[in-house]
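Visitor: Handing you this structure, nothing more for now.
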Amino acid sequence: MRRRSLEIVHYLARQNSDERFLAFCLNNGEELDLELAVGLLAQTQYPDTNVQAYQALYDAWAAELRERIDFAAQPEQMLGVINKYLFEDLASPANRELHRQP
């Protein structure tokens, strides 16, 4: 009985998240806040996702990346810094190994 109750609660939470995400998409068109969109989309499968916490994390990553980028450098060099940060520095050990394979 308890398990079924939890299933119903989770179903209703996901349904509510689906409705919020759909409303967001319908009301924002092409001028949407991508971070918020990703958070709302995540909540459709994981209703307890803390969207504001992830937005703060993205902001911290962006600030750190801004410090690493030489904006006077060539685009290829800037892209290399971004790739290193995303795919090496932030990657889990398993993901790092995947990116090293030929």
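Visitor: Residue 91 fails exactly one of the following numbered conditions: (1) among the small types (Gly, Ala, Ser); (2) at pLDDT below 95; (3) in a helix (DSSP H, G or I). What is the number of that condition?
Guide: All conditions are met except number (3).
Visitor: While we're here: Counting only residues that are surrounded by fewer than 12 Cβ atoms within 10 Å (Cβ to Cβ), in contact with a helix residue (DSSP H, G or I) (Cβ under 9 Å, 6 or more places away or on another chain) and of a type in the set (Lys, Arg), how many does the range 42-73 have?
Guide: 0
Visitor: Answer yes or no as to whether residue 35 is more than 11 Å from the chain's Cα centre (by Cα) and open to solvent by 50 Å² or more (accessible area, probe 1.4 Å).
Guide: Considered against the rule, which asks whether it is more than 11 Å from the chain's Cα centre (by Cα) and open to solvent by 50 Å² or more (accessible area, probe 1.4 Å), residue 35 comes out as no.
The values are calculated or read from the model by the stated rules, or taken from the named source; none is laboratory data. Quick caveat, the model's predicted, so the values are computed rather than measured. All Cβ positions, even for glycine, are placed from backbone atoms using ideal geometry, and neighbour counts span all protein chains on display. What goes into the accessible areas is simple: the full protein's heavy atoms, side chains included, and nothing from ligands, DNA or RNA. Shrake-Rupley method; radii C 1.70, N 1.55, O 1.52, S 1.80 Å.
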